[in-house]
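J.: Below you will find the structure I want to go over with you.
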Amino acid sequence: MAKCSLDWDNGFEQTLRNLANNTPELLRRAVYAGAEVCADELKRGLNSIPSDTFRYLYGNDRFEGIPEDERESLREHFGITKVIEFDDGGVNARIGFEGYTPFRTKKYPQGVPTALIARSINAGSSVRRRVPFIDDAKRAAKDKAQKAMEQELARGIDKNIKED
């Protein structure tokens, strides 16, 4: 029968304990690093939407893009939430649009929700051609965000080990 024994010094054991204690913070930093990459891609996508002007539509006419003031409103109301921890141990951050545009309508007296405008651009509507800038940003950011999260996690682990 084979036998294996490891003689760890107390320093290694302490390093593992510190790493375990700091894991939630390491995960929060890693998730935020990935969220920043996704947010940058989404900003690029927002800038790539064609410009258009507001006008009355006739027949099958549709908007091909967005007016510059609408684009600016989307930029102003775009952001990343703080990192949230769940009871099951999951860590999450959300990226998106919050707030209202200054464009008031009968249906939206406080202004049209920016998330509604972003969704209508991404999915299209009866009066707007589809420009899937959110879908494209998700595809473009996936590998980059994963890599950024891995690098941030590795940096945090290395820093934690070197501190001991």
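J.: Kindly provide the set of residues from the stretch 120-146 that are without any contact (Cβ under 8 Å) to a residue 60 or more places away in the chain and part of a helix (DSSP H, G or I), ordered by number.
T.: Correct list: 120, 122, 123, 135, 139, 142, 143.
J.: Restrict the check to the stretch 62-73 and report whether at least one residue is in a loop (DSSP other than H, G, I, E, B) and either without any contact (Cβ under 8 Å) to a residue 60 or more places away in the chain or under 22 Å from residue 38 (Cβ atoms) (or both).
T.: yes
J.: Taking the stretch 82-110, which residues are over 18 Å from residue 46 (Cβ atoms), part of a loop (DSSP other than H, G, I, E, B) and not hydrophobic (A, V, I, L, M, F, W, C)?
T.: Start the filter on the stretch 82-110 by keeping residues that are over 18 Å from residue 46 (Cβ atoms), which leaves 82-93, 104-110.
Right, trim to part of a loop (DSSP other than H, G, I, E, B) and you get 82-83, 86-90, 93, 104-110.
Selection gives 82, 87, 88, 89, 90, 104, 105, 106, 107, 108, 109, 110.
J.: Out of the stretch 87-108, which residues are exposed (fewer than 13 other Cβ atoms within 10 Å of the Cβ), closer than 21 Å to residue 38 by Cα and more than 15 Å from the chain's Cα centre (by Cα)?
T.: Within the stretch 87-108, just 90 meets the criteria.
J.: Of a type outside the set (S, T, N, Q), in a loop (DSSP other than H, G, I, E, B), open to solvent by 60 Å² or more (accessible area, probe 1.4 Å) and at pLDDT 90 or above: is that true of residue 55 in this structure? Give the steps one after another, and end with the answer.
T.: Details: of a type outside the set (S, T, N, Q): yes; in a loop (DSSP other than H, G, I, E, B): yes; open to solvent by 60 Å² or more (accessible area, probe 1.4 Å): yes; at pLDDT 90 or above: no.
Spelling it out, it is not the case that residue 55 is of a type outside the set (S, T, N, Q), in a loop (DSSP other than H, G, I, E, B), open to solvent by 60 Å² or more (accessible area, probe 1.4 Å) and at pLDDT 90 or above.
J.: For the stretch 30-52, give me the residue count where each residue is modelled with pLDDT of 90 or more and either basic (Lys, Arg) or open to solvent by less than 70 Å² (accessible area, probe 1.4 Å) (or both).
T.: 16
The values are calculated or read from the model by the stated rules, or taken from the named source; none is laboratory data. What you are looking at is a predicted structure, and each value in this text was computed from that prediction instead of being measured. Positions of Cβ are backbone-derived with ideal geometry, glycine not excepted, and every protein chain shown enters the neighbour counts. Accessible surface is based on the protein model in full, side chains and every heavy atom, while ligands, DNA and RNA are left aside. Shrake-Rupley method; radii C 1.70, N 1.55, O 1.52, S 1.80 Å.
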